[in-house]
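The values are calculated or read from the model by the stated rules, or taken from the named source; none is laboratory data. Here the structure is a predicted model, which means the values were calculated and not measured. Glycine gets a Cβ as well: all are built from the backbone with ideal geometry, and neighbour counts include every protein chain shown. Side chains are part of the model used for accessible areas, which takes the heavy atoms of the whole protein and leaves out ligands, DNA and RNA. Shrake-Rupley method; radii C 1.70, N 1.55, O 1.52, S 1.80 Å.
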Amino acid sequence: MTDDPDTPAAPEGGGPGADDLVAEIGRLEDDARVRVAAAGSADELRAVESDVLGKRSGFNGLRKRLGGLDAESRRTVGKVLHAATEAVGAAVIERRAVLEAAQRTEQLIDERLDLTEVLPGRPAGHLHLVTQAIQELEDVFVGMGFTVAEGPEVETDWNNFGALNFPPGHPARDMYDTLYVDFGGPGSTVLRTHTSPVQVRVMTGGPPPYYSVMPGRVFRSDTADATHMPVFHQIEGLVVDRDITFADLAGTIDAFTKAYFGGDFTSRLRPSYFPFTEPSAEFDIQRPDGTWLELGGCGMVHPDVLRNCGIDPDEWQGFAFGFGIDRLAAARHGVDDLRDLFTNDIRFLTQF
Ligand code: PHE
């Protein structure tokens, strides 16, 4: 706008007032530079920019006065004015770059993630000692070629007792302090007192051979003390095939003992009685220090049990065993009161 063709022409040469205007431009420029340099933030700089370069700025007022000059002076002063506003504009851009860089640095520091910081995090928890024992036992038996089977905790009297050769009123029923469930006819439904009814479910569920272990929760109306719980866990084993003998039972028990407890443990069988095995035995394991731990019961599957499950005992024979898991886990970890396993005190449980 220094050479507006619509502006009436003025006399040539630096007429009076031109020098004053140039000096004033110089002062405006100096003042503008000082204010731009002093702007401490992008917002402040924007305000300064509109003050010193905008419509109501000193430069703009001066620009309107150019019309009163002759053409030569107008060109000269116009050039100076143009140079001054360009210079102030450049100073604004430069200052803005500096302020933005500073703001970015500050933001980076504010938002920096301290990757060395260690936070406590959420504790993950772990499986219960008894669950761990069940899984370890399953692993050992699966490694020996067994499959894992399960049955319900609420059972029929037939599966828990009848099919296993305990007729109603049979004295062997007294070994089990049975909890009855108020369902069906009186005495027809029980909380299973052992995992042996799962043998019946396996044998009626498909044809032999069977090589199965059956872990699970069992119930007896015992008063809780250091070595008894009304709810505890057992694992059952069942093998039915052709030509299975008592030697297979003894060998399996010993192979399991060494696989689970270690090669320096041995096992022994002692004569015993269960209605569903014949002959029957208790099995104990011997620790390396020579002491014995009674583990569970076992025996050859009684022919009547096979018959009750629709299996011909002249063609198929087998053995079964069963033992408690809770006492085993407790003994292994030096827990001397079974109740500690089930009170769910986190200080106790986190040790395992
Ligand atoms: N079910 C028996 C018990 O709980 C243990 C056992 C299982 C005995 C299998 C022989 C065969 O005492």
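Remark: the A90-D345 segment gains 84.5 nm on full extension, using 0.36 nm per residue and subtracting the alpha carbon distance. Across the stretch 168-178, coupling constants 3J(HN,Hα) worked out from phi with the 6.51/-1.76/1.60 Karplus curve, θ = phi - 60°, read x, x, 5, x, 5, 4, 5, 5, 10, 7, 6 Hz, and Gly and Pro carry x.
Entry note, the stretch 262-308: relative contact order of 33 percent, from Cα contacts under 8 Å with a spacing of 6+ residues. Per the Kirkwood formula applied to alpha carbons, the chain shows a radius of gyration over Rh ratio, Rg over Rh, of 1.71.
Less than 5 angstrom separates the built amide H of L295 from those of F283, D284, I285, all sequence-distant by 5 or more or on a different chain.
Rounded to the nearest 500, what is the 222 nm mean residue ellipticity of the chain from helices alone, with -39500 (n - 2.57) per DSSP H run of 4+ residues and division by all residues? Only helices count here, giving -13000 deg cm²/dmol. A full extension of the chain between W292 and S272 corresponds to an added length of 5.5 nm, given 0.36 nm per residue minus the alpha carbon distance. Of the residues G26, T277, S188, the one whose Cα sits farthest towards the positive end of the charge dipole of the chain is G26 (charges of +1 on Lys and Arg Cβ, -1 on Asp and Glu Cβ, taken about the Cα centre). Between R104 and A331, the FRET efficiency from the beta-carbon distance, with R0 = 45 Å, is close to 0.10. Protection proxy ranking, highest mean first, for peptides 321-331, 48-58, 116-126: 321-331, 48-58, 116-126, where packing is the per-residue count of other beta-carbon atoms within 10 Å, averaged. With contacts taken as Cα pairs under 8 Å and at least 6 residues apart, the chain reaches a relative contact order of 13 percent. Can you list which of the trypsin sites (Lys or Arg not before Pro) found in the stretch 98-182 are DSSP loop residues with at most 15 other C-beta atoms within 10 Å? Hits after loop and neighbour filter: R112. Summing charges over all other residues whose Cβ lies under 12 Å from the Cβ of R65, with Lys and Arg as +1 and Asp and Glu as -1, gives +1.
Ranked by the mean number of other Cβ atoms within 10 Å of their residues, highest first, the peptides 214-222, 134-142, 306-314 fall in the order 214-222, 134-142, 306-314.
Simple point charges give the picture: +1 on the Cβ of Lys and Arg, -1 on the Cβ of Asp and Glu, and for the stretch 96-215 a dipole about the Cα centre of about 260 debye. Just checking the listed ones, E106, E278, E315: in the Gaussian network model of the chain with Cα springs under 10 Å, the one fluctuating most is E106. Think of the chain as having a plus end and a minus end, set by charges on the Cβ of Lys, Arg, Asp and Glu; of I244, N308, V198, V198 sits farthest toward the positive end of this dipole. What a 1.4 Å probe finds exposed on the stretch 242-352 is 49% carbon and sulfur by accessible area, rounded to a whole percent. A simple charge model with +1 on the Cβ of Lys and Arg, -1 on the Cβ of Asp and Glu and nothing else charged puts the dipole of the chain at about 700 debye relative to its Cα centre.
Efficiency by 1/(1 + (r/R0)^6): what FRET value for D312 and T189, r their Cβ-Cβ distance, R0 = 30 Å, to the nearest 0.05? The computed FRET efficiency comes out at 0.50. Derived scalar couplings between HN and Hα for the stretch 272-279 equal 8, 9, 9, x, 9, 10, 7, x Hz in order, rounded to whole Hz, by the Karplus curve 6.51 cos²θ - 1.76 cosθ + 1.60 (θ = phi - 60°), x for Gly and Pro. Below 13 angstrom from the Cβ of M229, what's the summed charge of the other residues (Lys, Arg +1; Asp, Glu -1)? So the surrounding residues net to -2.
Suppose each label sits 7 Å from its Cα in the direction of the beta carbon; what would the Q135-A38 distance come out to in nanometres? It works out to 7.3 nm between the two label points.
Solvent-accessible surface of protein heavy atoms, probed at 1.4 angstrom with all chains present, puts W292, W158 in the order W158, W292, largest first. Charges were assigned to the Cβ only: +1 to each Lys and Arg, -1 to each Asp and Glu. The resulting dipole of the stretch 219-331 about its Cα centre is roughly 260 debye. I'd like to know which of S57, A102, T76 lies farthest towards the positive end of the charge dipole of the stretch 47-111, counting +1 on Cβ of Lys and Arg and -1 on Cβ of Asp and Glu. Final value for the positive-end residue is T76.
Amide H contacts of L179 (H built 1.01 Å from N, in plane; Pro and chain starts excluded): L191, S221 sit under 5 Å, all sequence-distant by 5 or more or on other chains.
Taking 7 Å steps out from each Cα toward its Cβ at V154 and L113 produces label points 5.1 nm apart. For the stretch 151-230, the fraction of alpha-carbon pairs lying more than 21 Å apart is 30 percent, rounded to a whole number. For K79, the lysines whose Cα comes closer than 17 Å to its Cα, not counting residues fewer than 8 places off in the same chain, are K64. Solvent-accessible area per residue in the stretch 54-194 equals 63 Å², computed with a 1.4 angstrom probe and all protein chains kept.
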